[in-house]
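Shown next, in structure tokens, is the structure this report addresses.
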Amino acid sequence: MAEWLRPRHMNEALRLLAELPADHHQIISGGTDVMVAQQLRAPRDIAVWLDLSAIPELKMVEVTAEGIRIGAGVTLSVLRRHPEVQKHWPMLAASAAVTGAAPIQNRATLGGNLCNASPAADNAPVLLAYGARLEIAGPNGTRFLPYDQFHLGYRQTALAAHELLQAIHVPYLPGGSRAYYRKVGTRAAQAIAKVGIAAWIHFDAGQGIIAARFGLASVAATPCLLPRVSHYLEGNNLKHVCEFTIREKVSSDIKPVDDIRSTAEYRLEVASRLVWEAIHDAH
Amino acid sequence: MAKLLEVASEMEKKNSPKRVDGLSKIYGKALYVDDIPLNGVLHASTIRSSCAGGVVEELTFDPTFDWTPFVVVTAQDIPGLNAIKMLENDQPVLVDRVFRHAGEPLALLAHSDRGMLETALCHVHVRETPLAHPVFEIDEALHAEGTIIPDNVYTDYLLNKGDVEQAQKNAECFIEERLMTSSQEQLYIEPQGMIAVFQEDGVLRIEGSMQCPYYVLDALEQCTGLDKDKLRVVQSTTGGAFGGKEDYPSMIACHAALLALKAGGLPVKLIYERGEDLRVTPKRHPSRSLVRLGANREGELQFIDMDFAIDGGAYRTLSPVVLSRGVIHAPGPYRCANIRVRGRAVATNHPPFGAFRGFGAPQSIFALEVAMDRLAAKLNMDPAELRRKNLLHRGDVSPTGDLVGEDCFAQEILEAALIASHYEERRDAFRHWNAAQHNTLRGIGLATFAHGAGFTGNGELYLASRVFLQAHADGQVEILCSNTEMGQGAATTLVQIAADALQLPMEQVHLAQTDTARVPNSGPTVASRTCMVVGDLIEKAAQCLLQKLRAEGGLSQTFTSAEFSAVCFRMQESGKDLLVTASYQPPVDMLWDEKSFTGRAYSSYAWAAYIAEVEVDKLTLETRVLNFTAAQEIGHAVHPQIVQGQIEGGVVQGIGYALYENVLWNQFGVMANDRLTNYIIPTTADIGPLQVVLMEKGLGAGPKGAKGVGELPMDGPAPAIVNAIQQALKIDVAQIPAMPELLLDLSRAQRGSQCQ
Amino acid sequence: MSVKMQINGQEVQVQAPPASRLLDVLRGELGLKGAKEGCGEGECGACAVLVNGQVVNSCLIPLGQMDGAKIVTIEGVPGDSPLLQSFHDCAAAQCGICTPGMILAATALLAEHPQPTMDEIRWGLSGNLCRCTGYGRIYEAVTQASTGDAHG
């Protein structure tokens, strides 16, 4: 019978992880993805489960001078209800509120949504747009990684074998920041995104764009930024932004595919339209 | 709920007693098939074909694996006929050699441990020679060289009235359209399943989730070779069906029974997990319609010409009857002298399609109603006005050549829907909305239709349904019939009808469990027939019972519940039996010729007009239903609350059908989106205000003039919604579901053509 | 693995593999069959129960995480819950297979929003699929339970 490890501290979790057999363990937190995979795939012999759901450190939300530190084990329902998140990072409250529905949000964790590394992860675009940093704990201590460097390929992350995602740091946004979030799914609730988009745009006193970041889901093998779009916008003025150029940049930044939920063509077109809308309607 | 007839709310509450099955379901105590306690049960699993038709060359059970603790069944183990009893014996219970689609059952396994079953499945090897050119599309099948059956056509019907060819020459306005509907999954939340067990008396008892116990009994008799008195079929609480549990339970029951025959007395439980249920059980027939409509300048229909084809899948199953209903409903509720509907049910290598609420009618009504809007556009006439000019009046001749009598409310229900939905006001408001700078475009769309209740034509006559009422010495009365409660409220409605007729409180009347050892065959629970046809039989039986108690037991004309009980007690004491029977007698004017599709197809039609208001996002082309008005004349609402629930439920299934319920196929013709994450039905967050308008004129064939309502609400939403989308986007949408991807393509193509 | 939980107010100890789904433990070991399996992947909500007051899909919860948890199933909803009555009054249970999960989701919704708006009802119940009702009777039942008035 499989062994179930349920550490109470991060240190204990890391120590256990270091000792686990490489291919025969499964890390679990909220379980909303892991349990589905276990149900659908051929029975895989998981010798050891490492359950992170009983570690209080992972459940903490702390507001600091720089921003907010969200423990990887914080559930989406905690996030969507959190007054500070609602006030300063409304896109994150919004994305948490459209990840599955209530029974999922009560279990699923922000860290789990990132580590599961689905290209459609609902909270990924927002964290990309906000410029989040990840706090990763490993046997040699803690390191910080910009979130945009976390997804290396389809369902591949920058976590090393003996590392765990500990917290997500989201910075305060400077004055003049505007944001835009939209999820396009087949139905209103309980949907997997066909396109997810979050944008953060920093304007100067005129309509000059100081900085712009776009996070997208379901348009490439991983959640992704739009570097060419950002590069085009930064230093530009809203008055001079050209729709055709935006489309061109979007299409070179993303690699949408046809799948069971939508088409590459739809994704490209809608992503382009929503980026354009984000630039003009972000607030 | 808006009602046209003024009914005091107290009166309505009195007419809507609590559901008899309500509390057991609310407390979670109702036993569905997977909840039934069993000792020493064997779990079962099905080994299936993987190719889209072909030949099983070899089925090998790995000799190094220990099969002794397993029960294994193959085609060779079938004692009776290896065919599912249906319209034709073409579908095997287990494939012997030749098969027609992927997912066909080849062999069955049972074991007490589910885990062992999974292990064993890895030790069964199937070698198949696949069919060289399987076909998956209607027109592809019609033109294929190699065929599944001759011409790949199961059934070819022609409804022909007047002279379409001649009328074409005279038509002043003419449209031609090609319209498609995709398949749709019933998605009852309880997957299918059966339990088979030998009773101590040697009777093989099958219990499970089903609509039609006598279909299952007939199938078991044919497949096991056992006499009917050695077989017993019991319906467990059924977690939704919508047609999906009409024919396929016979398959699962035969499988469970075959395993039980070899299981040495242990019960066998065969429950499908969701993915298997989605992949192999029947769904709504996809359809393709070529529609041509002609009218004069005033908008009066001159002819209706439709080539209507449905995909029947790899076996005939119920396709001919689905087709027949689709053909009869194709010309809609309109007066038109020249009508030609050719209907074909086509063979493909998909798993067979089957019954789903509406049974062919939603497909042909979609085609006609969308075409009507195109005709209105061409005539530059409001869609409501075009319908107003053409809807049947009393005294008209129906599409099947029958004189339309007093029971015709097509015009009245259209006006009721227009008023309730503020049609003109909204239409004008949406014009303004669309002219202004908003992120969305809005449209209002309409569908008018009628749905015939009960079996088509002489079907009810052939069914020869019977019901029993059994009074007991304590004055309790039992209804014995084979009609099933599957959520639609039949148990409550039938008890209410009997109690009403017997002048007894509902608590004194009970619906017996649907158990073929006790209940007579009152026909299947399909075709919107239960309340109207079986309800009527129950009402008649109740009158017989009262007559009997009066004649033989001296029951007075008016009586109390206690007096009724006392008479029952006295009669029982003196050895008189308290059982009465009622059998179906067709109405005298029910003449139908099923060869020429002429005469009276249904004893009653319910009349309806549905209006959808939609909003389409300009950027993403996502559609949201803002408001929905469902107006219908249904004769009499026996239980208004249940009727409302039926209509709301049907409309929401129709919204899903219109917008996003999309069965996708893999390379083998099997449902590819076989999970609830990718087959999408509406959630609470998707459903906005829905207004139900009931008109009750009391002229239907059921109790107090009631008509069947079960299927009706499935017919209207898809065309109403598509018509609304067309109005909002000013594009032609020729298929459902109207997914944003499709709408994007269409609107870009339109923009492109405008630029040129 | 041996896990102690409080189920419907009673302390119970269950011996089962840790990766067992809570749904199977409830239905199998404990005979609480009000939780139903509709999809096995957290989409339909037929298996919904309350864990520490929150609505969750029991098909997605491994037993290993339930040590010390307080679980309420439909069998443990207090008899005086207005939802039981309102679901009956409004004919909100049709085939009934989604009903236990729906009532538990509604219980959690009313705990958070005792007077929910229509929008809160729509979003709060969106993890529970019903194929029969079209949700109209269910909206009415939840509204009645919160206001005592079916048409409130």
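The values are calculated or read from the model by the stated rules, or taken from the named source; none is laboratory data. Keep in mind it's a predicted model, so treat the numbers as computed, not measured. Virtual Cβ from ideal backbone geometry, glycine too; neighbours counted across all protein chains shown. Keep in mind that these areas ignore ligands, DNA and RNA; they rest on the heavy atoms of the full protein, side chains included. Shrake-Rupley method; radii C 1.70, N 1.55, O 1.52, S 1.80 Å.
Which of the residues belonging to the stretch B:675-702 are assigned to a loop (DSSP other than H, G, I, E, B) and at the interface with another protein chain (Cβ under 10 Å from one of its Cβ atoms)?
B:675, B:676, B:677, B:678, B:679, B:680, B:681, B:682, B:683, B:687, B:688, B:689
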Selection from the stretch C:22-46 of residues open to solvent by 10 Å² or more (accessible area, probe 1.4 Å) and touching a strand residue (DSSP E or B) at 6+ places or on another chain (Cβ under 6 Å) yields C:29
Condition check: touching a helix residue (DSSP H, G or I) at 6+ places or on another chain (Cβ under 6 Å) and either open to solvent by less than 10 Å² (accessible area, probe 1.4 Å) or of a type in the set (A, V, I, L, M, F, W, C) (or both). Does residue A:165 satisfy that? yes
Pairing a residue in the stretch A:104-131 that is more than 14 Å from chain C (Cβ to nearest Cβ) with any residue that is outside any loop (DSSP other than H, G, I, E, B) and basic (Lys, Arg), where Cβ atoms lie under 6 Å and the two sit 6 or more apart in sequence or on different chains, gives A:129/A:213
Filtering strands (runs of 3 or more DSSP E) wholly in the stretch B:169-277 for at least 3 residues that are under 25 Å from the mean Cα position of the chain (by Cα) gives B:173-181, B:193-198, B:204-208, B:231-235
Filter the stretch B:23-43 for residues that are in a loop (DSSP other than H, G, I, E, B) and either open to solvent by 30 Å² or more (accessible area, probe 1.4 Å) or among the acidic types (Asp, Glu) (or both); the one that is nearest to residue B:189 (Cα to Cα) is B:31
Scanning the stretch B:232-245 residue by residue, the ones that are open to solvent by less than 10 Å² (accessible area, probe 1.4 Å) and under 11 Å from residue B:214 (Cα atoms) total 2
Test: residue in the stretch B:712-729 that is open to solvent by 10 Å² or more (accessible area, probe 1.4 Å) and either within 14 Å of chain A (Cβ to nearest Cβ) or in contact with a Lys or Arg (Cβ under 6 Å, 6 or more places away or on another chain) (or both)
no
Of the residues in the stretch B:547-599, those that are open to solvent by 50 Å² or more (accessible area, probe 1.4 Å), closer than 30 Å to residue B:156 by Cβ and touching a Gly at 6+ places or on another chain (Cβ under 8 Å) number 4
If we ask which residues in the stretch B:146-196 are open to solvent by 70 Å² or more (accessible area, probe 1.4 Å) and among the aliphatic types (A, V, I, L, M), their number turns out to be 1
Heads up, the strands (runs of 3 or more DSSP E) in the stretch B:49-145 (entirely inside) with at least 2 residues that are under 18 Å from residue B:196 (Cα atoms) and either open to solvent by 20 Å² or more (accessible area, probe 1.4 Å) or among the β-branched types (Val, Ile, Thr) (or both) are B:71-74
Log entry, pairs with first residue in the stretch B:678-690 being small (Gly, Ala, Ser), second being open to solvent by 20 Å² or more (accessible area, probe 1.4 Å) and assigned to a loop (DSSP other than H, G, I, E, B), beta carbons closer than 6 Å, six or more apart or on different chains, reads B:685/A:188
Sole miss for residue C:134 among (1) under 20 Å from residue B:691 (Cα atoms); (2) out of contact with any strand residue (DSSP E or B) (no Cβ under 9 Å at 6 or more places or on another chain) is condition (2)
Practice prompt. Test residue B:436 against the criterion of being of a type in the set (Gly, Ala, Ser) and in contact (Cβ under 8 Å) with a residue 24 or more places away in the chain, and give yes or no.
Written response: no
**Asked** Do the conditions hold for residue B:206, that is, is it out of contact with any Phe, Trp or Tyr (no Cβ under 6 Å at 6 or more places or on another chain), open to solvent by less than 60 Å² (accessible area, probe 1.4 Å) and under 16 Å from residue B:517 (Cα atoms)?
**Response** yes
Checked B:426, B:442 against criteria (assigned to a strand (DSSP E or B), charged (D, E, K, R), modelled with pLDDT of 95 or more and in contact with a strand residue (DSSP E or B) (Cβ under 9 Å, 6 or more places away or on another chain)); the one match is B:442
Notebook entry, point to check: Any chance the stretch A:88-95 includes a residue that's open to solvent by less than 10 Å² (accessible area, probe 1.4 Å), free of Cβ contacts under 8 Å to residues at least 60 places away in the same chain and under 15 Å from the mean Cα position of the chain (by Cα)?
Noted result: no
Within the stretch B:13-22, of all residues that are open to solvent by 50 Å² or more (accessible area, probe 1.4 Å) and in a loop (DSSP other than H, G, I, E, B), the one farthest from residue B:314 (Cα to Cα) is B:18
Scanning the stretch A:264-282 for residues that are closer than 21 Å to residue A:120 by Cα and either without any contact (Cβ under 8 Å) to a residue 24 or more places away in the chain or of a type in the set (Asp, Glu) (or both) gives A:264, A:265, A:269, A:273, A:277
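Can you tell which of B:359, B:366, B:353 is open to solvent by 10 Å² or more (accessible area, probe 1.4 Å) and either among the hydrophobic types (A, V, I, L, M, F, W, C) or outside the structural domain of residue B:399 (by TED's automatic domain parsing) (or both)?
After ruling out the rest, the residue left standing is B:359.
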Across the stretch B:627-651, the tally of residues that are touching an Asp or Glu at 6+ places or on another chain (Cβ under 9 Å), within 10 Å of another protein chain (Cβ to nearest Cβ) and open to solvent by 10 Å² or more (accessible area, probe 1.4 Å) stands at 1
Scanning the stretch B:281-309 for residues that are within 30 Å of residue B:209 (Cα to Cα) and open to solvent by 10 Å² or more (accessible area, probe 1.4 Å) gives B:286
Restricting the stretch A:102-118 to residues that are among the hydrophobic types (A, V, I, L, M, F, W, C) and part of a helix (DSSP H, G or I), the one surrounded by the most Cβ atoms within 10 Å (Cβ to Cβ) turns out to be A:110
Of the residues in the stretch A:7-39 that are part of a loop (DSSP other than H, G, I, E, B) and at pLDDT below 95, the one that is surrounded by the most Cβ atoms within 10 Å (Cβ to Cβ) is A:20
